[in-house]
1. Within chain A, what is the longest stretch that has no trypsin sites (Lys or Arg not before Pro) placed in a DSSP loop and near at most 15 other beta-carbon atoms within 10 Å?
2. FRET efficiency for residue A:95 and residue B:10, Cβ-Cβ distance as r, R0 = 45 Å, nearest 0.05?
3. For region A:10-112, what is the accessible area per residue in Å² when the probe is 1.4 Å?
4. For labels at residue B:26 and residue B:79 in the simple 7 Å Cα→Cβ model, what's the distance in nm?
5. Solvent-accessible area per residue for chain B at a 1.4 Å probe radius, Å²?
6. Using the Karplus curve 6.51 cos²θ - 1.76 cosθ + 1.60 with θ = phi - 60°, what ³J(HN,Hα) values do you get for each residue of region B:56-70, in whole Hz, with x for Gly and Pro?
7. With θ set to phi - 60° and the Karplus curve 6.51 cos²θ - 1.76 cosθ + 1.60, what are the ³J(HN,Hα) couplings of region B:20-34 in order, to the nearest whole Hz, using x for Gly and Pro?
8. Alpha carbon centre of region A:30-107 versus region B:1-32: separation in Å?
Amino acid sequence: GESVGLHLPTLSVQEGDNSIINCAYSNSASDYFIWYKQESGKGPQFIIDIRSNMDKRQGQRVTVLLNKTVKHLSLQIAATQPGDSAVYFCAENESAGDYKLSFGAGTTVTVRA
Amino acid sequence: DTAVSQTPKYLVTQMGNDKSIKCEQNLGHDTMYWYKQDSKKFLKIMFSYNNKELIINETVPNRFSPKSPDKAHLNLHINSLELGDSAVYFCASSQVRSSGNTIYFGEGSWLTVV
């Protein structure tokens with residue numbers, strides 16, 4: 001399953017399939033990006049980050065891709081599991097030492113059994 | 001061994017009351033934050049303190065007053081509560097580095113004003 005365009009509020013994906021969550025950021029000067037996962041009733045949790053001098057970074061079952069030309073960030077989740085159901089946020093730091101982290105609107109991912 | 005803890009988790013109160021939310025972090029971070037999450041899940045920064053000094057103060061009504069007695073604590077006091085203040089408030093902390101600023105969040109405080 002994939003969210004397309006600037007942002008799609010919800011994404012429904014079959015268990016075992018790959019998920020792609022997209023995010024468009026606004027500031028071309030942004031230097032550092034983070035993906036967060038927020039489960040129901042909990043606070044946002046760090047998933048993976050990437051700096052602007054990279055275009056891809058991999059973690060456990062997750063990959064973040066950064067396209068600075070079009071100011072686009074994506075999170076790919078491999079073999080989506082029920083525990084991946086959550087709201088996913090991208091966040092940008094205008095510069096690596098900046099205190100302020102600005103969040104996108106969030107995408108709700110629902111995993112179908 | 002909760003990293004960022006905030007209390008209370010749930011708070012229901014009447015309009016016009018004054019309430020406080022407390023936050024503590026045991027990560028040794030220098031910077032702490034308050035974020036507000038509305039009903040559409042949008043997260044917006046309210047305040048940030050670095051070593052007890054206010055460094056970010058977004059457009060927030062002055063009914064909201066943060067207080068940082070030391071760098072491990074950042075409390076949020078809200079005067080004259082209004083219906084529109086109903087939201088989830090997240091405390092967070094980070095150690096800002098040249099490599100980036102990863103913020104760690106608490107579990108949230110659900111405020112309902114009736």
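The values are calculated or read from the model by the stated rules, or taken from the named source; none is laboratory data. Predicted model, so just to flag it, every value in this text is computed and none were measured. Cβ coordinates were reconstructed from backbone atoms using ideal geometry, including for glycine residues, and neighbour counts include every protein chain displayed. The accessibility values were calculated without ligands, DNA or RNA, using every heavy atom of the protein model including side chains. Shrake-Rupley method; radii C 1.70, N 1.55, O 1.52, S 1.80 Å.
1. Excluding the exposed sites themselves, the longest stretch runs over A:72-113.
2. Working: r = 37 Å, r/R0 = 0.82.
Once the sixth-power term is evaluated, E becomes 0.75.
3. Values: 4520 Å² over 103 residues.
About 44 Å² of surface per residue is accessible.
4. Reported label-point gap for residue B:26 and residue B:79 is 3.5 nm.
5. On the way: 5640 Å² over 114 residues.
Accessible area per residue, chain B: 49 Å².
6. Karplus values, whole Hz, x for Gly and Pro: 10, 9, 6, 6, 10, x, 6, 5, 9, 9, x, 9, 10, x, 7.
7. Those phi angles translate into 10, 10, 9, 9, 9, 10, 10, 8, x, 6, 8, 10, 10, 9, 10 Hz.
8. Here the two parts' Cα centres lie 25 Å apart.
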